[in-house]
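Take a look at the structure below.
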Amino acid sequence: ERHELMISQRGTLTFEEFKEKIARSGESRSLMGRASDRYDKIPSLIRTIQNIDPTGIAGAIDQALSDNKARREQENIMRALYALYKAICYLGSRQTEIEYNYQGVSDLTYLYFEKSQESYDDRKIEYYKNIWMNGLISSEETLEEKAYVFNVVSSLSVDEISVLSHMAKKQMHIEFQKRQPVTVDDVAQELNVSSHLSQQLCIGLAGKGLLHDHGLGRFDYKGPVNFVITDYVKLISKYLTKP
């Protein structure tokens, strides 16, 4: 069964093939059940309102939130499992080129599933997969530093990650003092969004210490419109990139 899971006639299994094979496992039913039972994060105030709500609306909201959350978490767990399966296949195909650092692998895997389960976007699961793979390979950072990368990325939207990736390509190999600023208009064009949204994304990232407002403090600066990455973005970019 393990060999059948890892190899198909076309190579890596598709997501639907993967789900079908996982569904045959009794362990998967237990895993899905635990996801369905996760009720603790539904706001407790909504459940409290039910006691004094004559309309039943609060109960309906509570049920909808619970059902939707359970379905989303189940799907996210399955997609996270599939992404991990693909990562293992990929690393296996490069095992003669890559040295693995198994220290902390259980903690990294726990973080991977914890963050993936809470994700609202499949693209974030792919980012978490890359962080997991790079964490398994890299021996330069401590486990705490790798965990911090997980936490930082989980706090970012996909658009914010796209901003950082775009700017990192231009600036990460240049010393901080010599980096040429990227304008919000340039970011807007790259992401195909409005300049107003681009500016808000950059301001938000600056507030998280990941971008620096390049014109801050200048008398004639009509900002915030020019930004450079901080040095920590180089590490984030490293972990977000498929090894």
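Listed highest first by mean packing, meaning other Cβ atoms within 10 Å per residue, what order do 174-185, 212-223 come in?
Ranked by mean Cβ neighbours within 10 Å, highest first: 174-185, 212-223.
Greater than 22 Å separation of Cα atoms is the criterion. Which listed pairs, Lys124/Lys208; Lys129/Lys170; Lys129/Lys178; Lys21/Lys238; Lys86/Lys208; Lys115/Lys170, meet it?
Among Lys124/Lys208; Lys129/Lys170; Lys129/Lys178; Lys21/Lys238; Lys86/Lys208; Lys115/Lys170, the Cα-Cα distance tops 22 Å for Lys129/Lys170; Lys129/Lys178; Lys21/Lys238; Lys86/Lys208; Lys115/Lys170.
Rounded to a whole number, what is D in µm²/s for the range 166-243 from Stokes-Einstein with the Kirkwood radius over alpha-carbon pairs (20 °C, 1.002 mPa s)?
Rounded to a whole number, D works out at 167 µm²/s.
Would you calculate the separation in nanometres between label points at Val105 and Ser93, each defined as 7 Å from the Cα along the Cα-to-beta-carbon direction?
Inter-label distance under the simple model: 2.0 nm.
Can you give the log10 of the normalised intensity I(q)/I(0) at q = 0.11, 0.12, 0.13, 0.16 Å⁻¹, computed with Debye over equal Cα scatterers of the range 105-234?
Values returned for q = 0.11, 0.12, 0.13, 0.16 Å⁻¹ are -0.43, -0.50, -0.58, -0.84.
Taken together, the values in this text are just the output of simple stated rules run on the coordinates, not laboratory data. Because the structure is a prediction, the values reported are computed rather than measured. Cβ coordinates were reconstructed from backbone atoms using ideal geometry, including for glycine residues, and neighbour counts include every protein chain displayed.
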